[in-house]
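Shown next, in structure tokens, is the structure this report addresses.
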Amino acid sequence: MTTLTRKEILSRLKDLAGPGGYLEDRVDVEPFEVDFRKLYKGATPLVLRPDSTERISKIMKFCFETGTAVVPAGGNTGYCGGATPDESGEQIVLSLARLNKIRSVDPMNYTLTADAGCTLVQVQEAAEQVQRLFPLSLGAEGSCHLGGNLSTNAGGTAVLRYGNTRDLVLGIEAVLPDGRIVENLKGLRKDNTGYDWKNLFIGAEGTLGIITGAVLKLFPTPRSYGTAMVALRDLDASVELLSMLRERSGDAVTTFELIPRLAMELACRHIDGVKDPLDQPYDWYALMELSCATDEVQTQELLETLLGEAFESEVIQDAALANSGAQREAMWRMRENIPEAQSHEGPSIKHDVSVQVSRMPAFIREATTLVKKLVPGCRVVSYGHLGDGNVHFNLSPSEGDRDPIFLEQAKRVNHAVHELIAQYGGSISAEHGIGRLKRDELAVYKSEAEIQLMRAIKAALDPTGIMNPGKVL
Ligand code: FAD
Ligand code: 2HG
Ligand code: ZN
């Protein structure tokens, strides 16, 4: 343990971070003390903003020697309080914001290498510049960081076709809690040389080390998209339609997002310019998108044929097809803004759950009945990535209700829904992670052996427990 005073430690950390490498004025530090959802308010004396992996390595070595706890921060868009320091005022925040260069792009190898502090949009745009696609896409893409995406193994709206973040990573560079740098940025698609250690850091939410860079997989840019807002016959029809579309399109379905009527109404009510693309209301919709290597006319024909058949067989009741880029964007805007729209209706009790795709309609029905009993009058907005068997099963209070008692029921409701999810063989966190929010629930739904295994990994990599203490485990 260190003999340095707290003041000396902070002073040394500032030196190690270099010029412009830290924030300590209250006004600058405060945004790092609150999470995106404002569930947690922590305290930190110092936010470090180093501009190189080498500096991070020196900072971590010093933190290791002095037992200083470190909370890595990306874009602070995470949903589980993972990037927020605790209330002790002892934890240092380490922001990756200044490590923000695209290191290289190799269109022939279909890879891109980037610093962890690049925003997701920055990565997408760098890929576009060489006519390639980086397919990770989510509502927070303008502000979330690549390092945050890897650390939460983010999902988003193209998982059905391209997989989670984990599936998009060929290698990473990371700084271990003791300051050592581990790196595999060779950009190889095949490399069976021992343990695949990068996957320990992906999804670790900053509890095992700091991700400083990554080699990502790129894909051919689709030549055309076929996008439609479809009115489903009922909830069961969502799974029938998805299955048919996958089979008949040569698995060209990139997105299949479930949208209930209430989400459509809230988006129209609260988001500027959003309009219901269909003439009359329906209970359930799907925003679906094909992405193809064929030209626009052929893709549109394929979409019309498939949706025509779905209409004939009464799987769908109606559909609005996007006939232009602007119409496609409008449909996406509606979908991406559902969380924002719901936030205008008071606080939400959220669940980010997954089950097997085929079991999702039954789960939504049963969970809806359950929560309506627990919180009479609540409004269920159950939407999202049905194609991945993942919905955001979110509750809003009854219209106009701003009674704080609503949120006080969150723990009880969360637990009841998670119990149901367990019965369905599902997961209590499909894509947002665990952070601080679901740490206690994790212990309930993982087996003793799994928790022990996780603790063993944590102890091996972070023996003194300085990496993001109090998160995940
Ligand atoms: P932060 O919030 O800063 O951090 C998240 C966690 O990662 C923390 O534990 C932090 O300590 C750790 N961390 C951050 N950077 C590093 C690093 N370099 N090294 C080690 N640890 C690090 N998520 C989805 O999965 N799918 C969605 O569709 C989706 N949609 C969203 C829509 C909106 C409007 C918003 C606000 C959020 C959404 N999210 C979604 C959640 C969030 O955007 C993702 O979890 C995202 O990956 C977080 O990135 P970030 O840079 O903001 O991470
Ligand atoms: C989405 O899919 C995000 O829009 C946010 O994951 C979900 O706010 C939510 O519950
Ligand atoms: Zn989501």
With a ≥ b ≥ c from the Cα gyration tensor eigenvalues, square-rooted, and the rule rounded for a/c under 1.5, otherwise prolate when a/b > b/c and oblate otherwise, region 346-392 is oblate
Order by protection proxy (mean Cβ within 10 Å, highest first), peptides 165-172, 90-97, 364-371:
90-97, 165-172, 364-371
Quick one: accessible surface of ASP279, probe radius 1.4 Å, all protein chains present, in square angstrom to the nearest 10.
150
How large is ³J(HN,Hα) for each residue in region 322-335, as worked out from phi by the Karplus curve 6.51 cos²θ - 1.76 cosθ + 1.60 (θ = phi - 60°), to whole Hz, x for Gly and Pro?
6, 9, 8, x, 5, 5, 4, 4, 4, 5, 5, 4, 4, 5
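Could you give the accessible area per residue of region 143-191, probe 1.4 Å, as a whole number in Å²?
Value for region 143-191: 38 Å² per residue.
Ordered by packing density, taken as the mean number of other Cβ atoms within 10 Å over each peptide's residues, highest first, how do 190-196, 145-151, 205-211, 12-18 rank? Let's see the in-between values first.
Numbers: 190-196: 8.0, 145-151: 30.4, 205-211: 26.4, 12-18: 18.4.
Packing proxy ranking, top to bottom: 145-151, 205-211, 12-18, 190-196.
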Could you please state how large a percent of the accessible area of region 317-415 is carbon and sulfur, counting protein chains only and using a 1.4 Å probe?
52
Within the accessible area of region 134-224 (1.4 Å probe), percent carbon and sulfur
48
Rounded D (µm²/s) - region 13-165, Kirkwood Rh over Cα pairs, Stokes-Einstein at 20 °C, 1.002 mPa s
131
Surrounding charge for ASP15, neighbours by C-beta under 12 angstrom, Lys/Arg +1, Asp/Glu -1, total +3
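Roughly what % of Cα-Cα distances in the chain sit above 33 Å, to the whole percent?
Working: 44288 of 111628 pairs.
Counting every Cα pair in the chain, those more than 33 Å apart make up 40 percent.
Rounded, prolate or oblate: pick one for region 134-225, where a ≥ b ≥ c are the square roots of the eigenvalues of its C-alpha gyration tensor, a/c under 1.5 means rounded, and failing that, prolate if a/b is larger than b/c, else oblate.
Verdict is oblate for region 134-225.
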Inter-part gap, Cα centre of region 294-347 to Cα centre of region 161-211, in whole angstrom, is 36
What does the charge count around GLU309 come to, taking other residues whose C-beta lies under 12 Å from its C-beta (Lys +1, Arg +1, Asp -1, Glu -1)?
-4
Give the accessible surface of region 250-324 per residue, rounded to a whole number of Å², with probe radius 1.4 Å and ligands, DNA and RNA excluded.
46
Quick check: from the Cα gyration tensor, does region 288-328 come out rounded (a/c under 1.5), prolate or oblate?
oblate
Could you point to the residue in ILE102, GLY89, THR66 farthest towards the positive end of region 30-103's charge dipole, with +1 and -1 charges on the Cβ of Lys/Arg and Asp/Glu respectively?
ILE102
Would you mind putting 340-353, 227-240, 457-470 in packing order, based on average other-beta-carbon counts within 10 Å, highest first?
227-240, 340-353, 457-470
Estimated vicinal HN-Hα couplings, Hz - region 201-208 in sequence order (Karplus 6.51, -1.76, 1.60; Gly, Pro = x):
7, 6, x, 7, 6, x, 9, 10
Quick one: accessible area per residue over region 1-104, 1.4 Å probe, rounded to a whole number of Å²?
47
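If you take every residue apart from THR369 with its C-beta less than 15 Å away from the C-beta of THR369, what net charge results, scoring Lys and Arg +1 and Asp and Glu -1?
Net charge around THR369: +2.
The values are calculated or read from the model by the stated rules, or taken from the named source; none is laboratory data. Since we're looking at a predicted model, the values are computed, not measured. All Cβ positions, even for glycine, are placed from backbone atoms using ideal geometry, and neighbour counts span all protein chains on display. We work out accessible area using only protein heavy atoms, side chains counted, and drop any ligands, DNA or RNA first. Shrake-Rupley method; radii C 1.70, N 1.55, O 1.52, S 1.80 Å.
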